[in-house]
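Down below is the structure, laid out as structure tokens.
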Amino acid sequence: MFDVVIAGCGPTGAMLAAELRLHGVRVLVLERETAPKSFVRIVGLHIRSLELMAMRGLLERMLQHGRQRPAGGFFAAINKPAPKGLDSAHAYLLGIRQPVIERLLEEQAIELGAQVRRGCAVAGFEQDDEGVTVELADGEQLRSRYLVGCDGGRSTVRKLLGVGFPGEPSRTDTLMGEMKVGVPQEEIAAKVTEISETHQRFWLRPFGEGVYSVVVPAAGVSDRREPPTLEDFKQQLRTIAGTDFGVHSPRWLSRFGDATRLAERYRVGRVLLAGDAAHIHPPIGGQGLNLGVQDAFNLGWKLAAQIRGWAPETLLDTYQAERHPVAEDVLDNTRAQMELLSTEPGPQAVRRLLTELMDFDEVNRHLIEKIAAIGIRYDFGAGPDLLGRRLRDIDVKQGRLYGLLHRGRGLLLDRTERLTVGGWSDRVDYLADPTAALDVPCVLLRPDGHVAWIGDDQQDLDDHLSRWFGEPAN
């Protein structure tokens, strides 16, 4: 019997498996595909995801395989630089190939002891008070205490669970791919600058080595039920730009719509949803993969606490309470961005106005923090603004703060040197550091780096330790 079966070994499923294994949870990951994806798609890890990788000691591995670029120009592809002084030690975007992310996260999960079985698809399940019986497509049955669907936008787990997936169907299709070009970069840049004045769903962005990300409207090309071809891209480029730029040697080609949907519930009994199984939206702003990885980071330690027997009664319910509103906000900002890409006069007028407003630092900063997910504040009740927010990777006497979170445990950072974690020391680490770069006396961090308590009173601290980490050990 497993503690958790995870359907899907994409970034969300692999991240969740690794998080669970930090706490000794017995994990099996089932992946429908027999081999990792063959196409090479470059995606961006935003600031918050980079911080999470740093918290688990994965960032250096990621940096070896990616390219850093400024954290600006994301919102509706409005070309504004990142504001200065973003509140992060990792204030950049990391362009990295998606298969590399998936491989590194899967390797991390396996190194920590997770089992991964490929060529296995969930065909059905039944849950009871003690666990979940999972049936595979070949008829094999597995028994687990919990099942988590990380199996994408067409999630089998979500459908079998009967959870509603309301939202809007796709209205506008767009072609996206990566390919080489046959003309000088200067010629491309000049043409893109000229056309982007009126066509926002059109761009060619260099990724190095002569490879470009190409985005063009899909209207008028082949049947949407069929995969797009290089000729489809050439046709649309010629229609809009008057040239196909000599595109050739595609790495991958895809078509995406602007369907936007959010699961009504993230949990029904012992079955949970995360990543694209819980929410889908257009890729504008590059938030999808990041949102899923952040779901896994939020869920992992809570589900592990439930399995290990120390979770407070309502802890697992905070997964939906915290992450569902975050997904709602992402869906809303992608809806807004897609409207701003329209060539209609009204949306274009709003786009020009927003472009002007983004010259104000406060506006630009707000939108960047929204896309990069560093503006999130969970509702932990009344308190200072820092309460419920993630704490940046500050300097501490042992190095960097995030280096102390590699084990996925809580952390009390005590500048008074008077407090203790007492009977919670099996779940929460302690660091006395009067020199830590904080303007508050002490903070209690959850395993996901969010500030769960601020103060200097031991009794108040004990109450909050119980709230998040259960009863103290005897």
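Name every residue in segment 436-474 that is touching a residue at least 24 places away in the same chain (Cβ under 8 Å), of a type in the set (Asp, Glu) and touching a strand residue (DSSP E or B) at 6+ places or on another chain (Cβ under 8 Å), in order of residue number. Correct list: ASP448, ASP456.
Got a number for residues in segment 211-248 being of a type in the set (D, E, K, R), assigned to a helix (DSSP H, G or I) and open to solvent by 60 Å² or more (accessible area, probe 1.4 Å)? Total meeting the criteria: 2.
As for segment 451-460, it holds at least one residue that is closer than 26 Å to TYR319 by Cβ and either touching an Asp or Glu at 6+ places or on another chain (Cβ under 9 Å) or modelled with pLDDT under 95 (or both).
Among what's in segment 172-210 and is touching a His at 6+ places or on another chain (Cβ under 9 Å) and not in a strand (DSSP E or B), pick the residue that is farthest from SER249 (Cα to Cα). Among those residues, the one meeting the criterion is GLY182.
For segment 438-460, a residue qualifies if it is assigned to a loop (DSSP other than H, G, I, E, B) and either of a type in the set (A, V, I, L, M) or in contact with a helix residue (DSSP H, G or I) (Cβ under 7 Å, 6 or more places away or on another chain) (or both), and the qualifying residues are LEU438, VAL440, ARG446, PRO447, ASP448, GLY449, GLY455.
Every condition in (1) within 18 Å of the chain's Cα centre (by Cα); (2) over 24 Å from GLY177 (Cβ atoms) holds for GLU140 except the one numbered (1). Hey, any hits in segment 155-171 for a residue that's modelled with pLDDT under 95, touching a Pro at 6+ places or on another chain (Cβ under 8 Å) and either assigned to a loop (DSSP other than H, G, I, E, B) or open to solvent by less than 40 Å² (accessible area, probe 1.4 Å) (or both)? No. When each of ASP258, ASP295, ASP276 is tested for being among the acidic types (Asp, Glu) and closer than 30 Å to GLU471 by Cβ, the lone residue that passes is ASP295. Looking across segment 293-322 at every residue that is among the acidic types (Asp, Glu) and either open to solvent by less than 50 Å² (accessible area, probe 1.4 Å) or part of a loop (DSSP other than H, G, I, E, B) (or both), the one that is modelled with the lowest pLDDT is identified as GLU313. Residues of segment 339-362 that are touching a Leu at 6+ places or on another chain (Cβ under 8 Å) and outside any helix (DSSP H, G or I): MET358 alone. Cβ separations smaller than 8 Å between residues 6+ apart or across chains give the following pairs from segment 143-161 residues that are over 23 Å from VAL25 (Cα atoms) and β-branched (Val, Ile, Thr) to residues that are open to solvent by 10 Å² or more (accessible area, probe 1.4 Å) and assigned to a loop (DSSP other than H, G, I, E, B): THR156/ALA121.
Scanning segment 360-378 for residues that are closer than 14 Å to LYS84 by Cβ and touching a residue at least 12 places away in the same chain (Cβ under 8 Å) turns up ASP361, ASN364, ARG365, ILE368, GLU369. When the criteria are applied in full, SER254 fails the requirement of being among the small types (Gly, Ala, Ser), out of contact with any Cys (no Cβ under 6 Å at 6 or more places or on another chain), outside any loop (DSSP other than H, G, I, E, B) and open to solvent by 40 Å² or more (accessible area, probe 1.4 Å). Looking at the structure I just gave you, is LEU412 touching a Cys at 6+ places or on another chain (Cβ under 8 Å) and at pLDDT 95 or above? For LEU412, the condition - touching a Cys at 6+ places or on another chain (Cβ under 8 Å) and at pLDDT 95 or above - is met. Annotation note: Cβ proximity below 7 Å between a residue of segment 323-345 that is open to solvent by 30 Å² or more (accessible area, probe 1.4 Å) and a residue that is of a type in the set (A, V, I, L, M, F, W, C) (sequence gap 6+ or interchain) occurs for GLU328/LEU262.
Can you pull out every residue in segment 363-403 that is open to solvent by 30 Å² or more (accessible area, probe 1.4 Å) and either in contact with a Leu (Cβ under 6 Å, 6 or more places away or on another chain) or in a strand (DSSP E or B) (or both)? If the condition is that a residue be open to solvent by 30 Å² or more (accessible area, probe 1.4 Å) and either in contact with a Leu (Cβ under 6 Å, 6 or more places away or on another chain) or in a strand (DSSP E or B) (or both), then VAL363, ARG377, ARG389, ASP395, GLY399, ARG400 are the ones that fit. Looking across GLU126, GLU102, one residue alone is among the acidic types (Asp, Glu), part of a strand (DSSP E or B) and either under 30 Å from LEU204 (Cβ atoms) or free of Cβ contacts under 8 Å to residues at least 24 places away in the same chain (or both). It is GLU126. Residues of segment 244-287 that are touching an Asp or Glu at 6+ places or on another chain (Cβ under 9 Å) and β-branched (Val, Ile, Thr): THR260, ILE284. Could you grab me the full set of residues in segment 272-287 that are open to solvent by less than 10 Å² (accessible area, probe 1.4 Å), touching a Gly at 6+ places or on another chain (Cβ under 8 Å) and either of a type outside the set (A, V, I, L, M) or farther than 26 Å from LEU303 by Cα (or both)? Scanning segment 272-287 gives GLY275, PRO282.
Please determine, by comparing only the residues of segment 404-423 that are in a loop (DSSP other than H, G, I, E, B) and on the phi > 0 side of the Ramachandran plot, which one is most open to solvent (accessible area, probe 1.4 Å). Applying the filter and picking the extreme gives GLU417.
The values are calculated or read from the model by the stated rules, or taken from the named source; none is laboratory data. Bear in mind that the values here come from a model prediction, so they are computed numbers and not experimental data. Cβ atoms come from the backbone with ideal geometry, glycine included; neighbour counts cover every protein chain shown. Surface areas here come from the heavy atoms of the whole protein model, side chains and all, with no ligands, DNA or RNA. Shrake-Rupley method; radii C 1.70, N 1.55, O 1.52, S 1.80 Å.
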